[in-house]
1. Output the residue which, of all residues in region 170-215 that are in a loop (DSSP other than H, G, I, E, B) and more than 23 Å from residue 160 (Cβ to Cβ), is modelled with the lowest pLDDT.
2. Pairs, please: C-beta under 7 Å, at least 6 apart or cross-chain, first residue in the same structural domain as residue 93 (by TED's automatic domain parsing) and at negative phi and in region 201-224, second part of a strand (DSSP E or B) and of a type in the set (A, V, I, L, M, F, W, C)?
3. Determine which single condition residue 17 fails, assuming it passes every other condition in (1) modelled with pLDDT of 90 or more; (2) within 27 Å of residue 209 (Cα to Cα); (3) surrounded by 22 or more Cβ atoms within 10 Å (Cβ to Cβ); (4) out of contact with any helix residue (DSSP H, G or I) (no Cβ under 6 Å at 6 or more places or on another chain).
4. Quick one: would you say residue 86 is surrounded by fewer than 21 Cβ atoms within 10 Å (Cβ to Cβ) and either in the same structural domain as residue 169 (by TED's automatic domain parsing) or touching a helix residue (DSSP H, G or I) at 6+ places or on another chain (Cβ under 6 Å) (or both)?
5. How many residues, within region 30-70, are more than 13 Å from residue 95 (Cβ to Cβ), touching a strand residue (DSSP E or B) at 6+ places or on another chain (Cβ under 9 Å) and not charged (D, E, K, R)?
6. Which one is surrounded by the fewest Cβ atoms within 10 Å (Cβ to Cβ), of the residues in region 163-183 that are among the hydrophobic types (A, V, I, L, M, F, W, C) and closer than 27 Å to residue 64 by Cα?
7. Name the residue that is nearest to residue 105 (Cα to Cα), counting only residues in region 30-54 that are of a type in the set (D, E, K, R) and surrounded by fewer than 16 Cβ atoms within 10 Å (Cβ to Cβ).
8. Filter region 102-147 down to the residues that are at pLDDT 80 or above, in a helix (DSSP H, G or I) and either of a type in the set (Val, Ile, Thr) or not assigned by TED's automatic domain parsing to the domain that holds residue 49 (or both) and list them by number.
Amino acid sequence: MYKVFIIEDDALIGDMLSMYLAEEGYGVERAENGKSAMAYLELHQPDIILLDIVLPDISGIELCDELRKKSTVPILVVSMKTEVMDRVHALNAGADDYMCKPFSMRELSAKVAAMIRRTHYNQQRQEQPSSEERPFPSQGPNKIFLNYDKRSLFVNGKYVETTFSEFEIMKLFIANQGKVYSREELINAVRGFDSFVNDRAIDVHIGNLRKKMEEDSKQPKYIRTVWGVGYKFVNA
């Protein structure tokens with residue numbers, strides 16, 4: 001049974017989510033504030049987190065950032081806030097998707113299922129040592145490579161945490177390094193998992209990857225901007 005952890009202080013919405021997802025066959029746990037959420041996550045590992053942005057003791061964005069430091073579990077933000085910048089802040093903090101209240105319970109259930117399915121499909125793939133898991137050749141000492149089975153990104157041999165959307169973008173880059181990708185092509189790479197995805201969201205994902213991978217994110221060596229077109233990856 002897959003486990004869903006809901007962080008929601010509104011009793012009505014929390015109960016509604018809990019009952020609906022339990023009827024769908026999920027194991028559901030719930031916290032009403034950030035403190036109890038963090039205490040729960042010290043002891044348990046859910047398959048997905050549903051997170052409200054407005055909580056009584058901490059900003060949901062701050063909590064999302066703290067959760068992402070500790071875990072790569074998928075985070076679906078569910079919020080009354082509908083402004084684009086609220087969504088951008090959530091993405092910057094490490095959220096994988098964003099839904100605005102009110103929402104369709106069927107759509108939410110479909111998102112939860114898709115996020116869990118994507119996660120566990122990749123975690124359960126049989127280990128197959130291949131060129132995908134070895135560093136890609138480069139002319140210098142810098143090497144970036146992916147372990148597809150464990151959904152892991154390594155920069156110069158050091159593990160770097162990524163969100164699921166960031167990993168999907170890197171998969172595309174690694175498979176075709178040097179190729180220039182438009183924002184639309186990158187949108188298509190994550191569409192269906194990150195439903196809030198547009199040009200601005202892609203720029204946020206790229207910015208986050210640069211901060212994690214580059215020595216100087218303002219002068220990137222790996223993910224380079226091709227002005228007027230999009231981005232390309234150079235493993236140099």
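The values are calculated or read from the model by the stated rules, or taken from the named source; none is laboratory data. Since the model is a prediction, treat every value here as computed from it, not as a measurement. Virtual Cβ from ideal backbone geometry, glycine too; neighbours counted across all protein chains shown.
1. 195
2. none
3. (2)
4. No.
5. The number of residues fulfilling the criteria is 14.
6. 172
7. The extreme case among them is 35.
8. 112, 116
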